[in-house]
1. For segment 103-197, just say rounded, prolate or oblate: build the C-alpha gyration tensor, square-root its eigenvalues into a ≥ b ≥ c, call rounded for a/c under 1.5, and beyond that prolate if a/b exceeds b/c, oblate if not.
2. Work through the residues other than Ser97 whose Cβ is under 10 Å from its Cβ and net out their charges, Lys, Arg +1 and Asp, Glu -1.
3. Counting Lys +1, Arg +1, Asp -1, Glu -1, what net charge surrounds Ala361 among other residues with beta carbon under 12 Å of its beta carbon?
4. Give me the number: length gained by fully extending Leu93 to Glu182, i.e. 0.36 nm times residue separation minus the C-alpha to C-alpha distance, one decimal in nm.
5. Relative to the Cα centre, what is the charge dipole magnitude of segment 268-397, using +1 at the beta carbon of each Lys and Arg, -1 at the beta carbon of each Asp and Glu, and rounding to the nearest 20 debye?
6. Which of Pro94, Ser125, Leu37 sits closest to the plus end of the dipole of the chain, meaning its Cα is farthest towards the positive end, when Lys and Arg get +1 and Asp and Glu get -1 on the C-beta?
7. When all alpha-carbon pairs of segment 243-457 are counted, what percent fall beyond 26 Å?
8. Give the relative contact order (percent, whole number) for segment 405-447; include only Cα pairs under 8 Å separated by 6+ residues.
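A short reminder: the numbers here are calculations on the coordinates, not readings from a lab. Treat the numbers as computed from the prediction; the structure is a model and nothing was measured. With ideal geometry, Cβ positions are generated from the backbone for all residues, glycine too; neighbour counts draw on all protein chains shown.
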Amino acid sequence: MPPKDRDPQPTGAPNAANGVPGFAVRDLATAILDDFLTRSLALDETVERLMDSDKARALDDRDRSLVRAITASAIRRLGTIAKALDHRIEKGLPKNSGKLEAILVGGVAQILFLDVPDHAAVDLSVRLVQADPDAKRYTALANAVLRRIVRERDLILAQSDALKTDTPEWLAKRWIKTYGAETDHKIAEAFRAEPAVDLTVKSDPAFWAERLNASRLSTGSLRLKDRTPIRLLPGYEEGAFWVQDAAAALPVLLLNPQKHEKLADLCAAPGGKTAQLALSGAQVTAVDRSEKRLQRLTTNLARLGLHAETVTADATQWAGGPFDALLLDAPCTATGTLRRHPDVGWIKGEEDLAKLTRLQARLIDHAASLLRPGGRMIYCTCSLEAEEGEDQIRSALKRSSNWRLSPFGPEDQARLGPELADAFTPEGFLRTLPFMLPHDDPRLAGLDGFFAARLERV
């Protein structure tokens, strides 16, 4: 059930059911899923927009977390959910049925994958159907289908396959070619698990690990064991930490910024890596083409008590420097982030990959003009695609005499710790895969798929 193009349906909770506990949460989740299914809109963008509505602002942090859990679980296991619905709706989903599809997808996600009582998942979904002018004539259908899914839950889950069912076909084919069938299946399985929240702390990770009930990773990141909303955690308001996937924190560790160095973070927003750079004591310039995203970056740095100069500019043309070091976290397909952004595989495709690889090449070529001779750059992407990683760097080295590869070695491996020893390649690159950092609890395992390479300005 990949996203389909059709006219968007209006959003917003119907007044008739506003007082029913849990209804507002499901209504908001339905609106988000409807935008994804009908308009192929990115999950984070839709969540940000709809969470700013009056009805969303009335929800507390735990309700907001449940909205995110429903939508993310639904999209993460969309293939399984689509198959379950297709096999139980004989003639397929009726046309011109409002938000029926989004309601059912969200309802099935709750039944199969969330700790929500079956009766609540079914009842609230049926109420949503009843409240939708275009869907309400299918109330009996929705009730029957959802109750059947409750009864047949074990069969549905037994027939679900991470690679064949829940991985978009274009990615499954690519990953088999790149990594082989066995690794491909391990990647797909890792992407189906709900990830825990990772934090980067400003100081004293041992103290904060105990205070926040978190585990310490060898990379220095903390991984929360509980599902407490971030804003409710002790230390949040004081700026003791920020949310950052463990893999996303690695490029700065590999750059190894030094105090008083002059550094630039290209394509900097949302700013997690900028914060790491600023924490090192370096003189940091954050560059991004989006003024709005830079404003958010500045706000985040203010909460953390950190500072960086910000520049709104196109990093393929900006004339700055010369810098001692650069961090280039280039725009990419983000296929390594499906644990946290499961919509990526459904809303992007081969055509996006082609456009982005061209942009990455321009960014790399221009970045050489921003560095002093002997300066270093970490190029990284949160992508599993070789075209955006290994192949991109090989092409850059062939294309330009301004760069030479500075392979990662034992010192770099020591900075990341033994848990990620397998992430370093014989060629001197870093390639994390989502099934690394294993744990008995799948939620506490894994990290984003990331690529990083270090280049030196000749």
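1. Details: a/c = 2.66, a/b = 2.30, b/c = 1.15.
Verdict is prolate for segment 103-197.
2. Numbers: positive: Lys95, Lys99, Lys136, Arg137; negative: Glu101, Asp132, Asp134.
Residues close to Ser97 contribute a combined charge of +1.
3. Details: positive: Lys355, Arg358, Arg362, Arg394, Lys398, Arg399; negative: Asp365, Glu387, Glu388, Asp391.
With Lys, Arg at +1 and Asp, Glu at -1, the net is +2.
4. On the way: separation 89, 0.36 × 89 = 32.04 nm, distance 3.51 nm.
Gain on extension, Leu93 to Glu182, equals 28.5 nm.
5. Numbers: 15 positive and 16 negative charges, 94 e Å.
My answer is approximately 460 debye.
6. Pro94
7. Values: 7130 of 23005 pairs.
Here the tail beyond 26 Å accounts for 31 percent of pairs.
8. Values: 42 pairs, mean separation 12.3, N = 43.
It comes to 29 percent, rounded to a whole number.
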